[in-house]
Amino acid sequence: MADALGLFEQAVLLSLVRLGKEAYGRRILDDIERRLERPVTAGALYSTLDRLEAKGLVSSQLAAGTPVRGGRPRRYYTLNALGSAALNRARAAIDGIWQGVAVPLGGPT
Amino acid sequence: MSAERPAPDDAAPPRWAEAMLLRVLAPADAPAIAGDLLEHYREGVLPARGRLRADLWYVGQLASLCGRIAIGAKAGRLHDRSLGVALGGVLALVIVLSNVVLPKVGVTFPDADLDGPLFMVLLFAAFATCGFLAYRRRRSFAAPFRAGLIVAFCSLSIAMLTFFAVDNLFFDLVSRQPEKIWSFRHSHDASMRTHINLGLAKGVVLFLPILTGLGGVCGSLGGLFGSLLTFLRSLLSGESRS
């Protein structure tokens, strides 16, 4: 996987790590909105999940629905080994580019 | 948001918006995404924001999904077109090699080989591969069919244009091909050039639409293979929760 992960892709993958077996669309949306502290649209989330699945970083399974969903199924997402490796690389890259820089940076905010 | 009392299970977003959502999404994705939005609407947004703002939220989510689908479809078509042009380039190279370059160095490569069984199998396999890739990108059954159509049309149009250019620019060389001499003798055409160009015109009118349609069928088969592979993988992974 040579492609570098974008910030939103990292947020989605990390949400899968945090949610574990409870990672389905609505929970992921909630979790990312809380972490990013901004509203996230369904279009952005599902197209990202689609892309990550096409790259083989995540896989998904359908499971039975509940009455609150009108009986519609849930699609649970799981992080694959490739996804874990991509996240590790992304973290290492961030650490690398911040190395030697004192945080927080000074100057006007 | 979680402190709010959840809305009852019969609270629903605007019916037209929900119907539109189910219509615009790929059949494989629609139920789960519509379920997620309905759950979020009932448990999160409606109790916190009230009916009007919750309905607006739902319509906003629908708009975002429509926007992403439009962008995705456009990107998909561009991608299919690029694959079609690339395959057309390969075909054009083979045509130039077999009709111009090899005969000039004394190697004969009958034109008939370009519609021989092996060549056709390879061509259809290429269309099926494009369908397979389209399925992996879009997870819908319409995308592989469309990919097969687009790739077949683009590549075969380029191939036919190349034939037209080669046959006219290198007429002296091409008109010496045994199968062309044979078919000209068995036709009622006034000249070899007329015979060759009529053959090309027939190819455009008759074979281009037929082969484009077959490209769509091959693309669908590739998509079917992709869905079968996904299904088998999910069975083997043993992660089914239902």
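The values are calculated or read from the model by the stated rules, or taken from the named source; none is laboratory data. These numbers were taken from a predicted model, which means no experiment stands behind them. Every residue, glycine among them, receives a Cβ derived from its backbone with ideal geometry; neighbour counts consider all protein chains shown.
Worth a mention:
- Of the candidates B:Ser187, B:Ser175, B:Ser157, the single residue that is hydroxyl-bearing (Ser, Thr, Tyr), surrounded by fewer than 16 Cβ atoms within 10 Å (Cβ to Cβ) and over 30 Å from A:Val58 (Cα atoms) is B:Ser187.
- Qualifying positions in the range A:64-95 - crowded, with 17+ Cβ neighbours inside 10 Å and touching a strand residue (DSSP E or B) at 6+ places or on another chain (Cβ under 7 Å): A:Gly65, A:Pro73, A:Arg74, A:Arg75, A:Tyr76, A:Tyr77, A:Leu79, A:Asn80, A:Gly83
- With respect to the conditions (1) touching a residue at least 40 places away in the same chain (Cβ under 8 Å); (2) surrounded by fewer than 19 Cβ atoms within 10 Å (Cβ to Cβ); (3) over 20 Å from B:Leu37 (Cβ atoms), A:Phe8 lacks only one, and its number is (3).
- Positions within the range A:60-80 being more than 7 Å from chain B (Cβ to nearest Cβ) and polar (S, T, N, Q), in sequence order: A:Ser60, A:Thr66, A:Asn80
- Applying the set (1) of a type in the set (Ser, Thr, Tyr); (2) in contact (Cβ under 8 Å) with a residue 40 or more places away in the chain; (3) out of contact with any helix residue (DSSP H, G or I) (no Cβ under 7 Å at 6 or more places or on another chain) to A:Thr66 leaves exactly one unmet item: (2).
- Here the condition is being over 25 Å from B:Ala30 (Cα atoms) and more than 9 Å from chain B (Cβ to nearest Cβ); of A:Glu37, A:Glu33, A:Glu9, A:Glu22, it holds for A:Glu37 alone.
- Residue in the range B:209-226 that is more than 17 Å from the chain's Cα centre (by Cα) and either farther than 30 Å from A:Glu53 by Cα or surrounded by 13 or more Cβ atoms within 10 Å (Cβ to Cβ) (or both) present: no
- Here the condition is being touching a Pro at 6+ places or on another chain (Cβ under 6 Å), of a type outside the set (Val, Ile, Thr) and at pLDDT 85 or above; of B:Ala126, B:Ala134, B:Ala159, it holds for B:Ala134 alone.
- Where helices (runs of 4 or more DSSP H) fall wholly inside the range B:1-72, the ranges with 3 or more residues that are more than 8 Å from chain A (Cβ to nearest Cβ) and at pLDDT 85 or above are B:15-24, B:46-49.
- Conditions (1) touching a Pro at 6+ places or on another chain (Cβ under 8 Å); (2) buried (at least 21 other Cβ atoms within 10 Å of the Cβ): number failed by B:Gly84: (1)
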